[in-house]
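Bear in mind these aren't lab numbers, they're just calculated from the coordinates by the rules spelled out. Please read all numbers here as calculations on a predicted model, not as lab measurements. In this analysis, Cβ positions are derived from the backbone assuming ideal geometry, glycine residues included, and neighbour counts consider all displayed protein chains.
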Amino acid sequence: SIVYKSKKAERFHVKMGGPGSGKGTQCEKVVAKYGYTHLSSGDLLRAEVASGSERGKTLQAIMQKGELVPLDTVLDMIKDAMIAKAGVSKGFLIDGYPREVKQGEEFEKKIGAPCLLLYIDAKGETMVKRLMKRGETSGRADDNEETIKKRLDLYYKATEPVITFYTSRGIVRKIDSELPVDEVFGHVAKAIDDLK
Ligand code: B4P
């Protein structure tokens, strides 16, 4: 497909971290500085929900419970979004995917291997505090105490093993996200610059 053939599109950066760790926040800053194409699995799913489609209704119910949506759904969305940008992208920043080892394996089969995994790391209590604060204004159906707890449990169970999986490849850079946003970004930028 177009994605595999485009030289530029072969550069994939993956951004991972727990809910509320600051991954979406850092992605915005990476895009502003490096011009990469930012694809957030959560944003793509929320756009489908906002469209009011039948599929969106099913997704909304899953996300409201803090569970993971089916693998094929989210991978197809990412792939379609990549194909749409393949000709013009300087590189892709994939945010919030893979959420489980199987997602990582399928991404590599269907799309390609990432060159850097930025692991945005914050303590559980910090993540809860940030999401509760965001919940005051975000209007997000999953930013409430009960769902946040479920999202965090799932993160430790399903997503942390992904970090172990990629650590063995030597592409993981762990970033301390307890610091203020701009300081966190300083470390993120260094990890990206070290790649060049
Ligand atoms: P996501 O959209 O990925 O949501 P998230 O984990 O909450 O992270 P987000 O990027 O939005 O927030 P951030 O930490 O930057 O996922 C939502 C749901 O979609 C999932 O539960 C799941 O159901 C579904 N889903 C998504 N991807 C999927 C996949 N691959 N497979 C299956 N299902 C999937 O920021 C949080 C808050 O912290 C913000 O208010 C921010 O201002 C604040 N903050 C950030 N950095 C800070 C700092 N350094 N200091 C102080 N505050 C900070």
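Could you tell me the distance between the Cα centroids of the stretch 154-196 and the stretch 58-89, to the nearest Å?
22
Within straight cross-link reach of K102, meaning Cα distance under 16 Å, which aspartates and glutamates are found once same-chain residues fewer than 8 apart are removed?
Within reach: E67, D72, D76, E160.
For the chain, what is the mean residue ellipticity at 222 nm derived from helices alone (per DSSP H run of n ≥ 4: -39500 (n - 2.57); sum divided by total residues; nearest 500 deg cm²/dmol)? It would help to have the intermediate numbers written out before the result.
On the way: 10 runs with 108 residues, N = 196.
Computed ellipticity for the chain at 222 nm equals -16500 deg cm²/dmol.
When a/c is below 1.5 the answer is rounded, else prolate if a/b is larger than b/c, else oblate, so apply that to the stretch 69-112 with a ≥ b ≥ c taken from the square roots of the Cα gyration tensor eigenvalues. Walk me through the intermediate numbers first.
Details: a/c = 1.98, a/b = 1.77, b/c = 1.12.
Prolate.
Once you wrap a convex hull around the alpha carbon atoms of the stretch 76-138, what is its projected area averaged over all directions, in nm²? All intermediate terms of the calculation are to be shown ahead of the outcome.
Working: hull surface 24.3 nm².
For the stretch 76-138, the mean projected area of the Cα convex hull comes to 6.1 nm².
Where Rh is the Kirkwood radius over the Cα pairs of the chain, the temperature 10 °C and the viscosity 1.306 mPa s, what D in µm²/s does Stokes-Einstein return? Mind dumping the intermediate values first?
Details: Rh = 17.0 Å.
The estimated diffusion coefficient comes to 93 µm²/s.
Just tell me which aspartates and glutamates come within less than 16 Å, Cα to Cα, of K90; anything on the same chain fewer than 8 places away is out.
E10, E28, D193
Whole Å is fine, so just give me how far the alpha carbon centre of the stretch 33-53 lies from that of the stretch 110-148.
The stretch 33-53 and the stretch 110-148 have Cα centres separated by 15 Å.
What distance in nm separates the simple spin-label points at S168 and K29, each placed 7 Å from Cα in the Cβ direction?
Result for the modelled spin labels: 3.3 nm.
Fewest to most neighbouring Cβ within 10 Å: what's the order for R169, R151?
Values: R169 11, R151 23.
Sorted ascending by nearby Cβ count, the order is R169, R151.
Which value, in Å to one decimal place, does the Kirkwood hydrodynamic radius take for the stretch 107-196 when every pair of different Cα atoms is included?
Values: mean 1/r = 0.0666 Å⁻¹.
Over the stretch 107-196, the inverse of the mean reciprocal pair distance is 15.0 Å.
Set the Förster distance to 25 Å, then compute FRET efficiency between Q64 and V181 from the Cβ-Cβ distance, nearest 0.05.
Working: r = 28 Å, r/R0 = 1.11.
Once rounded, the FRET efficiency stands at 0.35.
How would you classify the stretch 33-88 from its alpha-carbon gyration tensor, with a ≥ b ≥ c the square roots of the eigenvalues: rounded for a/c under 1.5, else prolate if a/b is greater than b/c, otherwise oblate? Show your work: numbers first, answer last.
Numbers: a/c = 2.22, a/b = 1.98, b/c = 1.12.
Verdict is prolate for the stretch 33-88.
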